[in-house]
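Rule-based calculations on the coordinates, nothing more; no lab input. These numbers come from a predicted model, not from an experiment. Quick reminder, even Gly has a Cβ in these numbers, built from the backbone with ideal geometry, and neighbours come from all protein chains shown.
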Amino acid sequence: MLIYKIFRTDEWQALRREGVTSGAPVDLADGYIHFSTMEQAAETAAKHFAGQDGLMLVAVEAEALGEALKWEPSRGGALFPHLYRDLRLEDVHWAQPLPLADGVHQFPPGLQ
């Protein structure tokens, strides 16, 4: 199953340059890297990235992360995937821009 991380341009560029990231400031503060499922991704974008353009949507195969990935309750008690190690560029299954149109992030088909 794929899980998703939304990166700002500078965060994505740093991961590509360095090959590893501990995540965004919120990830560093919480002690894990926040991910979303397909069903959670649009709400995550609206809640945490409202109006922000220049984002990248990154897909990672959950099973490949092994025991470092924990499913924990968050918004409304829903289980969210949290990664308790650095994310490596080699973990990325695919990445693509997450454009903003009329104030709404445009997810790839099948992710809305």
Report, as a whole number in µm² per second, the diffusion coefficient that Stokes-Einstein gives for the chain at 25 °C and 0.890 mPa s using the Kirkwood radius over alpha carbon pairs.
-> 174 µm²/s
Note, ³J(HN,Hα) from phi for the stretch 51-64, Karplus 6.51, -1.76, 1.60, rounded to Hz, x at Gly and Pro | x, 8, 9, x, 8, 10, 9, 10, 9, 9, 6, 4, 4, 6
So how far, in whole Å, is the C-alpha centre of the stretch 35-55 from the one of the stretch 88-103?
-> 11 Å
Out of Ala24, Ala68, Ala95, a Gaussian network model of the chain with alpha-carbon springs under 10 Å gives the largest mean-square fluctuation to Ala68
Can you give the charge dipole size of the chain about its Cα centre, rounded to the nearest 20 debye, using +1 on the beta carbon of Lys and Arg and -1 on the beta carbon of Asp and Glu?
-> 100 debye
What does the highest-first list of 85-91, 103-109, 56-62 look like by mean Cβ count within 10 Å?
-> 56-62, 85-91, 103-109
At what distance in nm do the modelled label points of Met1 and Val104 sit from each other, each positioned 7 Å from its Cα along Cα→Cβ?
-> 2.6 nm
